[in-house]
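Structure record follows, encoded as structure tokens.
The values are calculated or read from the model by the stated rules, or taken from the named source; none is laboratory data. From a predicted model like this one, the values you see are computed outputs, not experimental measurements. Note: ideal-geometry Cβ built from the backbone for every residue, glycine included; neighbour counts use all protein chains shown.
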Amino acid sequence: MDFIDLKSQYLASRELINARIQAVLDHGQYIMGPEVAELERRLEAWTGARHCITVSSGTEALVIALMALGIQPGDEVITTPFSFIATAEAVLLVGARPVFVDVEAVTGNIDARLIAERVTPRTRAILPVSLYGQPADMDSINALAERHGLAVIEDAAQSFGAAYRGRNSCHLSTIGCTSFFPSKPLGCYGDGGALFTDDKALARAMREIRVHGQSRRYVHTRLGVGGRMDTLQCAIVLAKLERFEWELEQRRRAAADYDALLRHQLPALAVRPDRSSAYAQYTVLVDEGERERIRAELDAAGIPTAVHYPLPIHQQPAYAHLAPGESYPVAEALSRTVLSLPMGPFLDRAGVEQVVQALLQACGPGRAMAQAAPGSSADAGPGAAAHPCAAPAILASSS
Ligand SMILES: *Cc1c(COP(=O)(O)O)cnc(C)c1O
């Protein structure tokens with residue numbers, strides 16, 4: 001079993017992908033070829049955003065978004081400590097300071113209720129992450145940002161395809177940033193990413209920054225980067241878009257299977273009823289101190305797992321000086337207990353059953369899958385924490 005089965009995905013779209021790659025080789029416009037604009041128009045239509053600008057990675061998308069907003073040394077950007085490092089890294093790369101806010105135990109996303117108390121006169125933007133594929137509470141975040149005159153950048157690297165109250169991820173705030181890293185919900189075969197906005201001036205700035213701040217050939221109007229996405233990678237995303245709706249459905253079906261089989265057995269991070277997840281990850285909570293043993297047992301059973309993320313950003317060696325003495329207890333607890341299970345459009349019901357059986361076995365001998373009660377993925381209630389492997393303390397702190 002693969003953690004994310006990219007091989008089956010390629011085989012299912014092989015003709016389309018190969019033809020798209022061949023077309024680029026035939027026309028030879030490897031940089032800013034026609035597939036770049038074609039993909040941008042397709043992604044605008046998909047998300048509903050007025051402007052899409054493809055870039056060389058999700059990390060570069062974040063950097064370019066911050067640069068386009070004019071965020072600079074002395075500025076503060078409020079974000080989550082429970083994310084991939086790139087979120088805070090981008091803030092530091094433009095010379096600004098990430099200010100952390102703890103996350104909700106139920107979703108792992110930034111706790112919107114705690115943001116206001118961290119706003120200062122230096123705050124310029126809020127940078128929530130749509131963790132594991134699910135957007136944060138964007139209406140509350142946008143409303144708070146509007147009151148304080150702040151921009152909101154959605155780090156949607158894991159959530160292309162998700163929705164929040166009828167709007168698509170990447171089109172939920174001032175700027176949305178996504179990644180086409182191969183294992184993300186919509187991946188290419190290398191590095192790639194995209195920026196989304198409805199703001200014409202910001203779109204123009206981001207388009208210029210992507211190409212060395214160039215407004216016309218060899219006229220550099222502003223500071224920029226070398227941040228273009230290759231034509232070949234755009235062609236691959238175009239091919240993969242053909243099956244993307246189907247893939248999202250399959251990911252959601254696999255998640256619903258997990259939900260049903262794990263209910264009353266093991267707590268999992270939940271998707272709130274007013275939004276949907278792109279299910280970059282399906283993540284359960286296991287007992288503190290048991291995770292490495294459980295992972296080893298699953299590994300021996302041929303089931304790969306992952307931990308996103310074992311150390312929160314404010315405790316990373318290169319970042320700890322940013323938050324001296326600060327503690328974010330929910331992020332810290334999650335980092336010790338989260339375990340991501342195999343996920344993807346090609347994970348069938350039998351595969352989910354195999355994972356769950358091995359997982360429950362590893363968590364508590366004698367627990368059989370037959371004890372799992374059926375349930376639905378629609379509500380936000382993860383499995384009640386009756387299982388010895390459960391981590392009820394974290395869930396209880398969520399209210
Ligand atoms: C993957 C990821 C990124 C970075 O994307 P790259 O394309 O790998 O640069 C940023 N933020 C989050 C939350 C991610 O998961």
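Annotation for region 184-197: no member residue is closer than 19 Å to Leu93 by Cβ, surrounded by fewer than 24 Cβ atoms within 10 Å (Cβ to Cβ) and in contact with a helix residue (DSSP H, G or I) (Cβ under 7 Å, 6 or more places away or on another chain).
Within region 198-208, the residues that satisfy the criterion of being touching a strand residue (DSSP E or B) at 6+ places or on another chain (Cβ under 9 Å) and buried (at least 19 other Cβ atoms within 10 Å of the Cβ) are Leu202, Ala203, Met206, Arg207, Glu208.
Kindly check whether there is at least one residue in region 68-89 that is away from the ligand (no atom under 16 Å from the Cβ), surrounded by fewer than 24 Cβ atoms within 10 Å (Cβ to Cβ) and under 28 Å from Tyr279 (Cβ atoms). The answer is no; no qualifying residue exists. Could you tell me whether Asp111 is farther than 28 Å from Gly226 by Cα and away from the ligand (no atom under 16 Å from the Cβ)? Against the criterion (farther than 28 Å from Gly226 by Cα and away from the ligand (no atom under 16 Å from the Cβ)), Asp111 qualifies.
Which of (1) touching a residue at least 60 places away in the same chain (Cβ under 8 Å); (2) in a helix (DSSP H, G or I) does Ala201 not meet, given it meets every other one? (1) is the only condition that Ala201 fails. Residue under question is Thr54, and the condition is that it be part of a helix (DSSP H, G or I) and under 22 Å from Gly187 (Cα atoms); does it hold? No, not satisfied.
Number of residues in region 117-132 that are out of contact with any helix residue (DSSP H, G or I) (no Cβ under 8 Å at 6 or more places or on another chain) and either under 21 Å from Glu60 (Cα atoms) or surrounded by 24 or more Cβ atoms within 10 Å (Cβ to Cβ) (or both): the value is 4.
State the number of residues belonging to region 248-270 that are assigned to a helix (DSSP H, G or I), within 17 Å of the chain's Cα centre (by Cα) and within 25 Å of Ala358 (Cα to Cα).
Going through region 248-270 one residue at a time, the tally reaches 3.
Restricting region 36-88 to residues that are among the aliphatic types (A, V, I, L, M) and free of Cβ contacts under 8 Å to residues at least 40 places away in the same chain leaves a set whose member that is farthest from Glu104 (Cα to Cα) is Ala37. Filtering region 47-67 to residues that are under 20 Å from the mean Cα position of the chain (by Cα) and more than 16 Å from the ligand (Cβ to nearest atom) leaves Thr47, Gly48, Ala49. From the list Ser276, Ser327, Ser335, the lone residue that is more than 16 Å from the ligand (Cβ to nearest atom) and either in contact (Cβ under 8 Å) with a residue 60 or more places away in the chain or under 20 Å from the mean Cα position of the chain (by Cα) (or both) is Ser276.
Looking only at residues that are buried (at least 23 other Cβ atoms within 10 Å of the Cβ) and not charged (D, E, K, R) in region 31-46, which one is nearest to the chain's Cα centre (by Cα)? Selected residue: Leu43. Going by the structure shown, is Val63 under 12 Å from Arg210 (Cβ atoms), in a helix (DSSP H, G or I), among the hydrophobic types (A, V, I, L, M, F, W, C) and at pLDDT 95 or above? For Val63, the condition - under 12 Å from Arg210 (Cβ atoms), in a helix (DSSP H, G or I), among the hydrophobic types (A, V, I, L, M, F, W, C) and at pLDDT 95 or above - is met. Within region 174-188, residues that are over 21 Å from Gly149 (Cβ atoms) sit with their Cβ atoms under 8 Å from residues that are more than 9 Å from the ligand (Cβ to nearest atom) and of a type in the set (Ser, Thr, Tyr), at 6+ positions apart or across chains, in these pairs: Thr178/Ser169; Pro182/Tyr189; Pro185/Tyr279. Within region 1-30, the set of residues being farther than 15 Å from Glu242 by Cβ and over 27 Å from the mean Cα position of the chain (by Cα) comprises Gln22, Val24, Leu25, Asp26, His27, Gly28, Gln29, Tyr30. Looking only at residues in region 191-225 that are of a type in the set (D, E, K, R) and within 16 Å of the ligand (Cβ to nearest atom), the one that is farthest from the chain's Cα centre (by Cα) is Arg210.
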